[in-house]
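Student: Below is the structure I would like to discuss, written out as structure tokens.
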Amino acid sequence: MSVFDSLSPQAVVQAVEAFSGLRLDGSLVPYNSYINRVYGLKDESGRGWVAKFYRPGRWDEETLAEEHAFLADCAAADLPVARPRPDTEGQTLGELVLPVDGFETPFFFALFEKKGGRSFDAEGTEDWLRLGRLLGRLHAVGRQGRFAHRPVFTPEETLEGQIDDLLDSGTIHPDLEDEFEDLLVPAARSLRGLFPEAGLQRIHGDVHRGNILDRPGEGLLLMDFDDCAWGPPIQDLWLLLPGHREDCQREIGLLTEGYSEFSPPEALTWDTVEALRLMRMVHFLAWCARQRDDRGFDAAFPGWGTKGFWIQELEGLREQVDR
């Protein structure tokens, strides 16, 4: 089963109308999103909207409120972001309570104006400079506030816990559990202190090409702050690189040049990129382990959790630990 099974199209439309005061035309287009549920809607005037229903149990109300506050800070600084639409009382987070497995479960949601654009793939020099400037502006805003409830993105706070979760989950093939533990536990411990508290700030957390749109006449739009965190600035740049750090010196130089127009370039610890890549690999494994019982998971991730799968994953993890 999926926790979203009780979220019917009728419930979505009624919840959005009650929250927003909009009169919708009844159309509903599910978007491709696995973690949350995202729907395209239209009001009676033909204006497009996007409703995002957060996965229950993933973030609490305070954590989601900090995401929305960060977006508000960005919008106030004229940073191009997709900001949630407030209701008549200025609240940007709606709540729909539905029964799930016999328990009343809150589904928090937000409504965004639909904004078109094309995916942005950096190619020339100016493209990389634009990306650097965008993220330099983002981090200038991020430094102006703090998170109290969002995740802390460091090896101590995330990587070590995710390794423990995987070992406790029963998803690693029993023939390979010891090998997994012997490889990753020492690697995680060796990364302690990699990102001192003094260098952490509010970050987007998941800046990749899919979360950046190029809007004709307006420029780049930064989307989906669902993973925003208290972490190192470099996390918001390294995913844009087309390869490993040693193969991307030109792109690194251009990103840093653009970034430095708005934020201090010394905050970009490029020598930590391969450690961050290891953290992301483990993060994705831990995420899959948590979702493995969801209806549709096997279709989306065929073969996940088999012995052959874990043999292949361990080969990749070992290579990354060496890097």
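Bear in mind that the values in this text are calculations on the coordinates, not laboratory data. What you see is a predicted model, and the numbers here were worked out from it, not measured in a lab. Don't worry about glycine lacking a Cβ; one is built from the backbone with ideal geometry, like all the others, and counts go over all protein chains shown.
Student: Mind listing the long-range amide H neighbours of residue 100? Cut-off is under 5 Å, sequence gap 5 or more, other chains count too, H placed in the peptide plane at 1.01 Å from N.
Tutor: So residue 100 has HN proximity to 105.
Student: Rounded to whole Å and ordered largest first, report the semi-axes of the equivalent ellipsoid of the chain derived from its Cα gyration tensor (root of 5λ).
Tutor: So the three semi-axes of the chain are 32, 28, 18 Å.
Student: Could you work out how much longer the chain between residue 88 and residue 214 gets when fully extended? Use 0.36 nm per residue separation minus the Cα distance between them, nm to one decimal.
Tutor: 42.3 nm is the gain from fully extending residue 88 to residue 214.
Student: Sticking with this one: Which GluC sites (Glu not before Pro) in the stretch 108-167 pass both tests, a DSSP loop state and at most 13 other beta-carbon atoms within 10 Å?
Tutor: Here the sparse-neighbourhood loop sites are 123.
Student: Using 0.36 nm per residue of separation minus the Cα-Cα distance, give me the extension gain between residue 32 and residue 115 in nm, one decimal.
Tutor: 28.3 nm
Student: Take the alpha carbon atoms of the stretch 280-320, find their center, do the same for the stretch 101-168, and report the distance between the two centers in whole angstrom.
Tutor: Result: 21 Å between the Cα centres.
Student: What number, rounded to the nearest 500 deg cm²/dmol, is the helix-based mean residue ellipticity at 222 nm of the chain, given -39500 (n - 2.57) per DSSP H run of at least four residues and division by all its residues?
Tutor: -12000 deg cm²/dmol
Student: Among 285, 69, 158, which residue has its Cα positioned farthest towards the positive end of the charge dipole of the chain, with +1 placed on the Cβ of Lys and Arg, -1 on the Cβ of Asp and Glu, and the dipole taken about the Cα centre?
Tutor: 69
Student: While we're here: Between residue 6 and residue 18, with labels modelled 7 Å along Cα→Cβ, what's the label distance in nm to one decimal, could you check?
Tutor: 1.3 nm
Student: As an exercise, take the mean of 1/r over every pair of distinct alpha carbons in the stretch 168-218, invert it, and state the Kirkwood radius in angstroms.
Tutor: 15.5 Å
Student: Right, something else. Return the loop-located GluC sites (Glu not before Pro) in the stretch 257-299 (DSSP other than H, G, I, E, B) with at most 15 other Cβ atoms within 10 Å of their own Cβ; answer none if there are none.
Tutor: Of the GluC sites (Glu not before Pro), the ones in loops of the stretch 257-299 whose Cβ has at most 15 other Cβ atoms within 10 Å are 261.
Student: Of the lysine pairs in the chain, how many meet both conditions: Cα atoms under 18 Å apart, and a spacing of 8 or more in sequence or different chains?
Tutor: Pairs that pass both the separation and distance tests number 5.
Student: Another question, if that's okay. Suppose every K and R has +1 on its Cβ and every D and E has -1 on its Cβ; what is the size of the dipole of the chain about the Cα centre, in Debye to the nearest 20?
Tutor: So the dipole magnitude of the chain works out to roughly 1060 debye.
Student: Pairs of alpha-carbon atoms within less than 8 angstrom and 6+ residues apart define the contacts here; what relative contact order does the stretch 125-322 have, in percent?
Tutor: Across the stretch 125-322, relative contact order equals 33 percent.
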